[in-house]
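The values are calculated or read from the model by the stated rules, or taken from the named source; none is laboratory data. Quantities reported herein were computed from a predicted structural model and do not represent experimental measurements. As a convention, Cβ positions derive from the backbone with ideal geometry for all residues, glycine included, and neighbour counts pool all protein chains shown.
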Amino acid sequence: MSRHFILGYGSLISSESRAKTGETGQVWPVKLLGYERSWAVMSTVLGMSSVAVMKAEAKACNGVLIEVAEDQFPLFDEREQGYQRAQLERHQLQSYHQETLPEGTYWVYHTQQVVEPCHVYPIVLSYVDVILAGCLEHGAAFTDDFLSLTKGWHAPLVNDRPTPIYPRAQLDLSTERLNHLLAPVSNLTLHELSLSYDS
């Protein structure tokens, strides 16, 4: 039986977030070559922006290769509405730990164009927190790469932690470290980042 894998490069990096959608297996932290990750308006329903990748030569982003059974794909396709699912080639993936990646079929959810976030559809901290908490599961270098390999941090950013807009927000996260990670790339001050119920 063929094995299938999804490249998660946003909230799917988080093990807790993945579990809210479907059953997944082992993960491998990787770099994806030939795609660029940006903040983009992917759904007007939520009133927020998300990260998306688009094909781009000589560019790269990072994420996790997630094993997913074929019968779970409808659940992830539903989660990723607004994106297109495309197949990847093995040579487009580089492991962070020089381990051999599994044989199988690789998929990524991508977009054909980037609509930049705006004040109506801003970046929201409840979503960023989930991604960064997931990145930290794979270490500081992986987290730094997420921040540096994502375009569009200049876009409007809203601290919605007291009343999260993101439907899969993780309300129990300790945000002090996340605030310090975000401060260099955010247009909010460290004080503004800290203005939430857990500060």
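What to note about this one:
- Counting only helices (runs of 4 or more DSSP H) that sit wholly inside segment 135-199, those with at least 3 residues that are closer than 22 Å to Gly63 by Cα are 140-148, 176-182.
- Lys20 vs. criteria of a type in the set (Lys, Arg) and closer than 17 Å to Val108 by Cβ: no
- Some residue of segment 94-109 being crowded, with 19+ Cβ neighbours inside 10 Å and among the polar types (S, T, N, Q): no
- Strands (runs of 3 or more DSSP E) (entirely within segment 1-89) containing at least 2 residues that are among the β-branched types (Val, Ile, Thr) and buried (at least 17 other Cβ atoms within 10 Å of the Cβ): 27-43, 48-67
- Filter result for Ile131 (of a type outside the set (Phe, Trp, Tyr), touching a strand residue (DSSP E or B) at 6+ places or on another chain (Cβ under 8 Å) and assigned to a helix (DSSP H, G or I)): yes
- Any chance Thr44 is β-branched (Val, Ile, Thr), at pLDDT below 95 and closer than 22 Å to Trp153 by Cβ: yes
- Residue match in segment 100-117 (condition: farther than 24 Å from Tyr166 by Cβ, at pLDDT 95 or above and part of a strand (DSSP E or B)): yes
- Some residue of segment 162-177 being surrounded by 18 or more Cβ atoms within 10 Å (Cβ to Cβ) and of a type in the set (Lys, Arg): no
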